[in-house]
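Asks: Just dropping this structure here.
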Amino acid sequence: MAGFLARRLVNYLVLCVLATFLAFALASLTFRPLDQLAQRQPPPPASTIEAKKLELHLDLPIPQRFGNWAAGVAHGDFGNTVASAPINAELWRRAGISLRLFLAGTVIGVIAGVLIGVTSAIRQYRVSDHLATFFSFLILSTPVFVIGTLLKVLWLPVNQAAGTQLLYFNGESTAGFSGGFGEGLLDRLQHLVLPTVAIAISMAAYYSRYQRSAMLDVLGSDFLRTAQAKGLTRRQALFKHGLRTALIPMATLFAFGFGLLVTGGVFTERIFGWFGMGDWLIVGVQTQDANIIATVTLFIAVLVLFSGWLSDVIYAALDPRVRVR
């Protein structure tokens, strides 16, 4: 098993480098970062534009530019933006924001999705199954920015009735907050709840559909009947053997879903004023900054591929056949 996981990790690292190079090359081919400088009024002298070109290494071939950038990354330096600001500080700040937001939403969404999916499968075609199916499809067909806006609208009367700000709608924390550790933690939680609910609702609806189908596939299986014939009750057989088997195909879906959510949740970040990695990707495109694009792509690739590697671990833990091979 250790050899299997090690080989997978090496493959993932190669894919990380390849994905980052492709993003950097595409951005370098299409972006024109000097155009914004040249369009200023009054126009800067040609020597200023040439100096900026040399500073950004635009005179070098793309593979060499990527090699220089990658060499810096290997030493912990992600370079500078087009505006000559260091990327490192902004990277870790935004990465922390995105991870804090989407990790909580993913955990809650996955747990809720599994519970709803398993319950719907066991109670197939009953009222609870029909209701879960209806609300799942309703949520899946509703854009996330609509869900986020509805949560704001629905919670506003609650804050007004309470006469205080129970939950906040914008930002990760209150600007200029100067309280103690406990008060600061409470303030961040008050900002975290609504965007987390927006993410968890969508993910629970998504995962519940897959979990229901996976659970239905094992309900009539021979091994469940055998387990019951050996003395287990139906409930014991379902949760000891059926659920474990039904979770096997879901492991990869859970892992890759979280990795892609970090950047795919840009609408959630924008609606609730959380300026994380998804928002930074838009900033990189707007400022035509290849270094930002490469940094965000590398972060996404590492997160997605680490999630894939983690799914391999979960898969091996759930399925003994993988460990035997």
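Asks: Output the number of the condition that SER213 fails; it satisfies all remaining conditions of (1) buried (at least 19 other Cβ atoms within 10 Å of the Cβ); (2) polar (S, T, N, Q); (3) over 21 Å from SER98 (Cβ atoms).
Replies: (1)
Asks: Being modelled with pLDDT of 75 or more and of a type in the set (Val, Ile, Thr) is the filter; apply it to segment 220-271 and report the residue that is surrounded by the most Cβ atoms within 10 Å (Cβ to Cβ).
Replies: Across segment 220-271, the extreme among qualifying residues is THR268.
Asks: Tell me the residue from ALA23, ALA71 that is surrounded by 13 or more Cβ atoms within 10 Å (Cβ to Cβ) and not in a loop (DSSP other than H, G, I, E, B), please.
Replies: ALA23
The values are calculated or read from the model by the stated rules, or taken from the named source; none is laboratory data. Please read these numbers as outputs of a predicted model, since none were measured by experiment. For neighbour counting, all protein chains shown are included, and Cβ atoms are generated from backbone atoms with ideal geometry for every residue, glycine included.
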